[in-house]
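One structure is given below, encoded as structure tokens.
Just so it is clear, none of the values below were taken in a lab; they were calculated from the coordinates. Everything numeric in this text was worked out from a predicted model, so none of it was measured. Heads up, the Cβs are rebuilt from the backbone with ideal geometry, glycines too, and the neighbour counts pull from every protein chain shown.
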Amino acid sequence: MLQGWIVVGVSFLYLSLLFAIAYWGDRRADQGRSVIATPYIYALSIAVYCTSWTFYGSVGRASSSGPHFLPIYLGPTLMACLWWIVLRKMVRISKRNRITSIADFISSRYGKSTLLGGLVTVIAVVGIMPYISLQLKAVSTTFNVLLGAAPGQAGSLFTDTSFYVALSLAAFSILFGTRHIDASEHHEGMVAAIAFESVVKLIAFVAVGLFVVWGVHDGFGDLFGKAALDPKIAKLFTIGSVADHGNWVVITLLSMVVIVCLPRQFQVAVVENVDETHIRKAVWLFPLYLVVINLFVLPIAVAGLMRFPGGTVHPDTFVLALPMAHQFEALALFAFIGGLSAATGMIIVETVALSTMVCNDLVMPVLLRLRWLKLHERSDLSRLLLAIRRGTIVLVVYLGYLYVRLIGESFALVTIGLVSFAAAAQFAPAMLGGMFWKGATQKGAFAGLTAGFLIWMYTLLLPSFARSGWLPGSFLDGPFGIGLLEPYALFGLKGLDHVTHSLIWSMIGNLGAYVMVSLLTQQSAIERIQAALFVDAFRGDQRGARFWRGSATVADLTALVVGFVGAERAERAFARYGRARGVDVASLREADADLVNFVERLLAGAIGAASARVMVASVARLSTWREVMEILDEASQVIAYSQQLETKSRELEIATEDLRDANERLKELDRLKDEFISTVTHELRTPLTSIRSFSEILRDNPEIDPEQRQQFLMIIVRESERLTRLINQVLDLAKIESGNAQWDIVTVDPRDVIRDAAAATGQLFKDKAMILRLDLPDEAPVVRTDRDRLMQVVINLLSNAVKFCEAGRGEVTVRLLALRDGVEVCVGDNGPGIPLAAQSKIFEKFQQVGDTMTAKPEGTGLGLAICRSILNRLGGSIRVESAPGRGATFCFFHPLEAQTAEAAEARPGV
Amino acid sequence: MARPPHAHRGLRMASPSGLTERLGAAFLLGLVLFMPPLLAVFGQGGWLAGIPVAFLYLFGAWIALTLVLALIIERAPPDPAPLPPDEPAER
């Protein structure tokens, strides 16, 4: 057995070492050579999350429900993945607005509301009290275990270990956390000490773990192998039933949000953060720390259960009892120091965080409102602030001590801790919601927090009072015997863990009220400004968005700052401000809005945002409502302009794209036109050349014999006719395509049109001794069309067929087909056919099949182009089917009702 | 996972590092690993090389996730936009 004085002596030495580290850290900070400006210290300080609960309680939890101690650490691991998004935003917001606690954060977000800050503080103090009591209980219990005394015996006040533990820790926190009032609330010394404590508790726990696994047993396999023989222990290696899964999920989500909502986590992760980029490394360093410290929890629990069967030793103390049982007392003492560091780290940071809150958001606003105290006129308030904070620390620790005296003995460590977790989780909707949802209102946050807190009290805190006899036990069956209101089974919801049950109801109440009331109420002007500052923390420069547009005399402001932070610090702050802005503050008489804002934020660091606003308002000429609205208008105008600009630039992009397309089309058309003109000219020149040369022959040779002269004249006439035809067709085509042609729509029988066309081309067929067959149905629908144009189409197709068929063997068939919405006319021949490659081109102008260089073209090359133009204008279409050597069939479709000229205009050009 | 430095050149894209997206994905991975469907599969009991499967799985998954986080963080380029100097910090 260890001697009491050794344990006390070593503990005292350890605490002195901590103090030395803290002192050194503060000294270095004052010299400007910070020791905590590294992400490793930052990550280690966040590990203040691991308290006695982790050190002792996890083993206790693991001994009864196996892996179910883990969600408490898996949740923070999951949240760590999102730190870069969530925590970084919190840090950014807090630095911009000089926020120093959760109460400040929430009150700032919702219009610097004093009421809200006070409410958050009350919830934090009441909710965290069990958590602090947990640490006290752990330290005193383990102290007794180390001395071999029976745990749980609480004698008078002066023989109770936890009383002395509480006393010494309160003194410690006061020395650490409230040495002076600091406008930024950085406690570098404290952070250094906390990081050191994180290292100590990690090494201590891992040392016990290694001892148990490889010292007592022969590695993991041996330990677990022995454990498997006991069915009760073997059950610890499973997760359990569906209800257990439910608890698992809820506890994971709970611990996920509390890692950013617990006051002490906010303190180390946000307030004490010196560099935003430290968060990056912490994202993986912190989960790594959690993995390592949890690795041996289950092995120690299993080994403890095997070594102490029958419940002779409380599982919460296995970490100490196992080395003691094997006479490794030095290791036990080291483990005790590890547990002590876990507890002290938590209590120090938690009480400092709570004291800041109580002072800035609860006591100061009240004192400032009591006009008869004349606080405004006091010259030095910083001593008052310090006194309030120190008093708060003593009060909070003492409350925790009371809780452990009255209630704590009947609960396991983890159960007590989870009660506090559930309370801290109530901050999550207002806090996280406020960072991402601009529309959340002050009334919504107030309603949500109140509802959540009341339900938490009713379903967790009060029943714990009742169970320990502080309230009548009948409370547990529901007040006045109403079964539906049973605190542990509200509205008949049974079968869940108490914490899970409470969380479900309180979160429904909290979130529900928060969202509903926010949606139904309006924001005030300052709420709107603050909401924008928080939600758009990463967007651009926010200096313009400030509430104050009033002004004050510099003398008043200086007096105010001196009163709260002391003359020396105030002077330094103003000098820095002057240097940054290039003005001499002392020489000014009237302070502008910028300086007023600066003072407000300076004060906010010392006394909280809400109080700072009240103080500044007392000396600054208040901005009028109209002026506030102007600020808002300016801001919203800028936003509107930028949105307009964005829209404009998008429209411009689209328009540019359209123009580019149109330009491409124009260029293509231009190219086609050039081609057309050059082809037409070429086509015109051929007959002209022929006419000219024969005329010249006739002119130069008057003695030419009459027969030949006759022949030459025939050629001239024929070429002139061809020329005329060509010019007519070009004009025709141009007229059709330009849309200037007259369309004379009448009702006709397509069979008549075909017969007339066949009659008109009859001479051609006779000339080449070809056969023309008409395959017309007995009945055909009438169509409304331009008769002459339609006939022109048929004639063109027929003469086309004649041209390409061999004389004497040619056969041409015209077929008419009645369709549902029009008629189809097909002209088939048995000529040489059209190669596939040419089929798509033959409807273009001047495209003829065959080699124009060797075979003399027989037509103008415009016939098919005209057909297509006409049919397009009439709303029809034309196509060709052909295979080389098997003739060609041209088919065109004509609708029952030809389209009007106007509609045809809208169709894309041909 | 390396990709060319300017894979996207949109007008208003997310931060060039893609850090936020990757961490978001890691978060989802964590949810899948530590939440019931998979948890139920590995939480039924059973032994592997003398060590309980639940213990192996939970810590294996946990270490793997931590490793993924470390990879994401350490391979990302430095923060493009640290906090602009607002006003000198108070001491």
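Does the range A:254-319 come out rounded, prolate or oblate by the C-alpha gyration tensor, with a ≥ b ≥ c the root eigenvalues, rounded set by a/c under 1.5 and, if not, prolate when a/b is larger than b/c and oblate if not? Note, shape of the range A:254-319 comes out prolate.
Cysteines in chain A that lack a partner Cβ within the 4.7 Å cut-off: A:Cys50, A:Cys81, A:Cys261, A:Cys359, A:Cys805, A:Cys867. Around the Cα centre of the protein assembly as shown, unit charges on the Cβ atoms of Lys, Arg, Asp and Glu (plus for the first two, minus for the last two) sum to a dipole of about 2660 debye. The sum of -39500 (n - 2.57) across all DSSP H runs of n ≥ 4, divided by the residue count of chain A, sets its helix-only mean residue ellipticity at 222 nm to -21000 deg cm²/dmol. The Cα-based radius of gyration of the range A:739-906, divided by its Kirkwood radius, gives an Rg/Rh of 0.96. Label sites at A:Leu896 and A:Gln711, each approximated as a point 7 angstrom past Cα along Cα to Cβ, lie 5.9 nm apart.
Put simply, the convex hull of the Cα atoms in chain A casts, on average, a shadow of 66.9 nm². When DSSP beta bridges are restricted to pairs lying wholly in the protein assembly as shown, around 80% turn out antiparallel.
When the C-alpha to C-alpha distance is required to be over 25 Å, the pairs from A:Lys201/A:Lys232; A:Lys201/A:Lys281; A:Lys89/A:Lys443; A:Lys201/A:Lys226; A:Lys137/A:Lys201 that qualify are A:Lys201/A:Lys232; A:Lys201/A:Lys226. Across peptide B:32-41, the mean count of Cβ atoms from other chains lying within 10 Å of each residue's own Cβ comes to 4. A DSSP coil position with no more than 14 other Cβ atoms inside 10 Å describes none of the GluC sites (Glu not before Pro) in the range A:163-246. Derived scalar couplings between HN and Hα for the range A:422-433 equal 4, 5, 5, 5, 5, 6, 4, x, 5, 7, 5, x Hz in order, rounded to whole Hz, by the Karplus curve 6.51 cos²θ - 1.76 cosθ + 1.60 (θ = phi - 60°), x for Gly and Pro.
Shown is the FRET efficiency for A:Ala37 and B:Ile63, computed with R0 = 30 Å from the Cβ-Cβ distance and rounded to the nearest 0.05: 0.55. Applying both filters, DSSP loop and at most 15 other Cβ atoms within 10 Å, to the chymotrypsin sites (Phe, Trp or Tyr not before Pro) of the range A:275-328 eliminates every site. Each label was represented as a point 7 Å from its Cα along the Cα-to-Cβ direction; for A:Leu147 and A:Ala525 these points are 6.5 nm apart. Spin-label model, A:Arg755 to A:Ala769: label points 7 Å out along the Cα-to-beta-carbon direction sit 3.0 nm apart. If R0 is 30 Å, what FRET efficiency do you get for B:Val41 and A:Lys494 from their C-beta distance, rounded to 0.05? Once the sixth-power term is evaluated, E becomes 0.60. For the range A:4-411, just say rounded, prolate or oblate: build the C-alpha gyration tensor, square-root its eigenvalues into a ≥ b ≥ c, call rounded for a/c under 1.5, and beyond that prolate if a/b exceeds b/c, oblate if not. In terms of gyration-tensor shape, prolate. The calculated FRET efficiency for A:Leu588 paired with A:Thr656, based on their beta-carbon distance and R0 = 41 Å, is about 0.20. For the range A:1-75, a/c is not less than 1.5, where a ≥ b ≥ c are the root eigenvalues of the C-alpha gyration tensor, and a/b does not top b/c. That puts it in the oblate class. Which trypsin sites (Lys or Arg not before Pro) in the range A:567-605 pass both tests, a DSSP loop state and at most 16 other beta-carbon atoms within 10 Å? Passing sites in the range A:567-605 are A:Arg589. Among the listed pairs A:Lys735/A:Lys766; A:Lys673/A:Lys735; A:Lys803/A:Lys841, those whose Cα-Cα separation exceeds 24 Å are A:Lys735/A:Lys766.
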